[in-house]
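**Student:** Let me give you the structure first, and then I'll get to my questions.
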Amino acid sequence: MSDFDLFKTSEEHEELRAAVRSVAEDKIAPHAAEVDEKSAFPQDALDALTATDFHAAHISEDYEGVGADALATCIIIEEVARVCASSSLIPAVNKLGTMPLILGASEDVKRRYLTPVARGEAMFSYGLSEREAGSDTASMRTQATPKGDDWVLNGQKSWITNAGVSEYYTVLAVTDPEGRRGRNVSAFVLHADDAGFTLGEPERKLGIKGSPTRELFFDDVLVPGDRIVGAPGEGLKIALRTLDHTRVTIGAQAVGIAQGALDHAVAYVKERKQFGKAIAEFQGVQFMLADMAMKLETARQMVYVAAAKSERDDDDLAFYGAAAKCYASDVAMEITTDAVQLLGGAGYVKDFPLERMMRDAKITQIYEGTNQIQRMVMARQLLK
């Protein structure tokens, strides 16, 4: 391999992109507007992704998965997000929910839970944030109290993506109230049908309306001791390591949304005529398109480099994951806003997908750590 090959995605990755794009355009894009309009879970997308093993491709062959690497997983998420951000949260959140198990669980727990997700029999969500513990995760109040070999869980979690459609949930809880802050938290697997585990009403959101977001409530939920992820007290460390890896997938989602918006904008300005010629011929429009494409490609390269670091679990992943997520999401917001501008009045109405993409892009700047938190992560890495 020459040194120059290092800056190309492999033939296998590009074949994967083509395959995912075909599924996304044929099976997911036709339903995207209705999913948004009705705030309906994209079941057609889940069926299509499961049928093609794109729903949780990151899971190892050891657990009946296809063993896609981190870059391949990002390409899947990017290509689905290009047509429907809500649907891209199926592979993204399956990775988010299962990553704590991959990083820290016993072999028994991995086999028990990763296998049904890989088969497409269950989805997996992630319960970290609370009403008063968003960016400040260590201030969580949900508690798990020992009861013999088991635990009794009480509290709540907020902003849980795909809550209500997931069968399993990785939930973080304080297990040593008197212990050192941040080292007194443990992780557990909850089942949707656990007695005392209930859900709040779906949130009414600006975007990603097809992906249900709900609160989780725990009222004396008995959690068997064999469902702990890692050792007691390791939960927050595992949770934060998880985010180092999964922030990259949010960067990929942002790149996909931005690419979809740019594609629609380019097609429109080539067709739309004003003053006797296509508006694509005006230099002001060309400069906007050039800036959009330049920033998008920069974001894509940052995400792909971060994905490679995620796959290798490099020591500097925390910086690169935060940088990729932060930059790509800021770029997605900017590109979708400019794409709406390029379509003018047409961009502002639901006849075109640009206004949906603009609304969907906003969440990428907020979840899995706001971009202010990403800048704190980057600064800490620089200064430590």
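The values are calculated or read from the model by the stated rules, or taken from the named source; none is laboratory data. It should be emphasised that the depicted structure is a prediction, and the values quoted were computed from it without experimental measurement. Positions of Cβ are backbone-derived with ideal geometry, glycine not excepted, and every protein chain shown enters the neighbour counts. Only protein heavy atoms, including side chains, enter the accessible area calculation; ligands, DNA and RNA are left aside. Shrake-Rupley method; radii C 1.70, N 1.55, O 1.52, S 1.80 Å.
**Student:** Net charge around TYR348, counting only other residues with Cβ within less than 13 Å of its Cβ (Lys, Arg = +1; Asp, Glu = -1)?
**Tutor:** Values: positive: LYS350, ARG356, ARG359; negative: ASP351, GLU355.
Result for the neighbourhood of TYR348: +1.
**Student:** A further question follows. Heavy atoms only, probe 1.4 Å: what % of the accessible area of region 9-121 goes to carbon and sulfur, would you let me know? Kindly include the intermediate steps, with their values, before the conclusion.
**Tutor:** Values: 2020 of 4330 Å².
Taking all protein chains in place, region 9-121 shows 47 percent carbon and sulfur surface.
**Student:** Short version: ³J(HN,Hα) in whole Hz for each residue of region 137-154, in order, from phi by Karplus 6.51 cos²θ - 1.76 cosθ + 1.60 (θ = phi - 60°), x for Gly and Pro, what are they?
**Tutor:** 5, 5, 8, 4, 10, 4, 10, 10, 9, x, 9, x, 8, 10, 9, 10, 9, 9
**Student:** Mind checking the dipole of the chain: about its Cα centre, +1 per Lys or Arg Cβ, -1 per Asp or Glu Cβ, Debye to the nearest 20?
**Tutor:** Rounded to the nearest 20 debye, it is 1180 debye.
**Student:** How compact is region 190-253 by the rule of thumb for globular proteins, expressed as Cα Rg over 2.2 N^0.38 Å?
**Tutor:** Numbers: Rg = 15.3 Å, N = 64, 2.2 N^0.38 = 10.7 Å.
Rg over 2.2 N^0.38 Å, computed on Cα atoms: 1.43.
**Student:** How much net charge surrounds ALA48 when only other residues with a Cβ under 13 Å from its Cβ are counted (Lys, Arg +1; Asp, Glu -1)?
**Tutor:** The answer is -4.
**Student:** Once you keep just the Cα pairs under 8 angstrom separated by 6 or more residues, what percentage relative contact order results for the chain? Could you put the intermediate results ahead of the total?
**Tutor:** Numbers: 751 pairs, mean separation 61.9, N = 384.
Relative contact order here is 16 percent.
**Student:** Next question, about the same structure. Less than 11 Å Cβ to Cβ from MET357, Lys/Arg counted +1 and Asp/Glu -1: what total charge do the surrounding residues give? Kindly include the intermediate steps, with their values, before the conclusion.
**Tutor:** Working: positive: ARG82, ARG356, ARG359, LYS362; negative: ASP36, ASP263, GLU355, ASP360.
Cβ neighbours under 11 Å give a net charge of 0.
**Student:** Gaussian network model of the chain, Cα springs within a sub-10 Å range: biggest mean-square fluctuation belongs to which of ARG180, ARG141, ARG241?
**Tutor:** ARG180
**Student:** Which percent of the Cα-Cα distances in region 123-233 go past 18 Å?
**Tutor:** On the way: 2750 of 6105 pairs.
Result for the distance tail: 45 percent.
**Student:** Here is a follow-up. Please work out whether region 9-121 counts as rounded, prolate or oblate from its C-alpha gyration tensor, where a ≥ b ≥ c are the square roots of the eigenvalues and a/c under 1.5 means rounded, while otherwise a/b larger than b/c means prolate and anything else oblate?
**Tutor:** Details: a/c = 2.24, a/b = 1.44, b/c = 1.55.
Oblate.
**Student:** Same structure, new question: Could you work out the relative contact order of region 9-121? I mean the mean sequence separation of Cα pairs under 8 Å and 6+ apart, divided by the number of residues, in percent.
**Tutor:** 30
**Student:** Please work out the ratio of the alpha-carbon Rg of the chain to 2.2 N^0.38 Å and round it to two decimals. Don't skip to the answer; put the middle values down first.
**Tutor:** Working: Rg = 21.0 Å, N = 384, 2.2 N^0.38 = 21.1 Å.
Its radius of gyration relative to the 2.2 N^0.38 Å reference: 0.99.
**Student:** Which value, in Å², gives the accessible area per residue of region 235-381 when a 1.4 Å probe is used on the protein heavy atoms?
**Tutor:** 43
**Student:** Among ALA252, ALA68, ALA85, determine the one that fluctuates most according to a GNM of the chain built with springs between C-alpha atoms less than 10 Å apart.
**Tutor:** ALA68
**Student:** Now a separate question. So what's the back-of-envelope 222 nm ellipticity for the chain, counting only DSSP H runs of four-plus at -39500 (n - 2.57) apiece and dividing by all residues, rounded to 500?
**Tutor:** Details: 11 runs with 194 residues, N = 384.
Rounded to the nearest 500, it is -17000 deg cm²/dmol.
**Student:** Leaving out ligands and nucleic acids, note down the accessible area per residue over region 9-121 with a 1.4 angstrom probe, in whole Å². Show your work: numbers first, answer last.
**Tutor:** Numbers: 4330 Å² over 113 residues.
Heavy-atom accessible area per residue stands at 38 Å².
**Student:** When a/c is below 1.5 the answer is rounded, else prolate if a/b is larger than b/c, else oblate, so apply that to region 190-309 with a ≥ b ≥ c taken from the square roots of the Cα gyration tensor eigenvalues.
**Tutor:** Working: a/c = 5.60, a/b = 2.21, b/c = 2.54.
Cα axes put region 190-309 in the oblate bin.
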